[in-house]
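Heads up: the structure comes next, in structure tokens.
The values are calculated or read from the model by the stated rules, or taken from the named source; none is laboratory data. Worth saying up front: this structure is predicted, and the values here are computed from it rather than measured. Glycine gets a Cβ as well: all are built from the backbone with ideal geometry, and neighbour counts include every protein chain shown. Areas reflect the complete protein model, heavy atoms only, side chains present, ligands, DNA and RNA absent. Shrake-Rupley method; radii C 1.70, N 1.55, O 1.52, S 1.80 Å.
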Amino acid sequence: AQLVEVADVFVARREVTNAEWYAFVNDPATLARIAERGERSIVPREPSKLMAKKREDGAGYEPARGRADTAVYGISHADARAFVAWKNAEAERAGAPWVFDLPSGAEWE
């Protein structure tokens, strides 16, 4: 064990919800990325199937399980990084004074 000091961080009180995740998934730029790379990128999934379904209007995806306020799951670290980049772009457009990131191992401890 060792003592490690890290800069001040704020950690969200709850996990990213389906509503937040699917706002990212259904952003036109993200939908274009999915069309280019396939649904196995960004869209929540289990090893054998997607955990999302196409919306009835054909304009994106919605969760196949859970509610809007349920924590999203079935995403990769790369997916989470893409979400953070999108979230930061949204915050910058809104003039928000903060930057989002995933916690490092030391910050998580």
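Give the number of residues within region 1-40 that are aliphatic (A, V, I, L, M) and part of a helix (DSSP H, G or I).
Restricting attention to region 1-40, the residues satisfying the condition of being aliphatic (A, V, I, L, M) are 1, 3-4, 6-7, 9, 11-12, 16, 19, 23, 25, 29, 31-32, 34-35.
Filter once more, so that each one left must be part of a helix (DSSP H, G or I): 19, 23, 25, 29, 31-32, 34-35.
Matching residues across region 1-40 total 8.
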*Could you look through region 73-95, keep only residues that are modelled with pLDDT under 95 and part of a loop (DSSP other than H, G, I, E, B), and pick out the one that is surrounded by the fewest Cβ atoms within 10 Å (Cβ to Cβ)?*
SER76
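So for region 42-49 (the condition being aliphatic (A, V, I, L, M) and open to solvent by less than 40 Å² (accessible area, probe 1.4 Å)), does at least one residue qualify? Spell out how you get there, then give the answer.
Looking only at region 42-49, we keep the residues that are aliphatic (A, V, I, L, M), and these are 42-43.
Narrowing further to those that are open to solvent by less than 40 Å² (accessible area, probe 1.4 Å): 42-43.
Yes, there is a match, as at least one residue in region 42-49 is aliphatic (A, V, I, L, M) and open to solvent by less than 40 Å² (accessible area, probe 1.4 Å).
Are any residues in region 1-28 open to solvent by 60 Å² or more (accessible area, probe 1.4 Å) and without any contact (Cβ under 8 Å) to a residue 40 or more places away in the chain, and if so, which ones? Before the answer, list the steps.
Here is the first cut: in region 1-28, the ones open to solvent by 60 Å² or more (accessible area, probe 1.4 Å) are 1-15, 28.
Correct list: ALA1, GLN2, LEU3, GLU5, ALA7, ASP8, ALA12, ARG13, PRO28.
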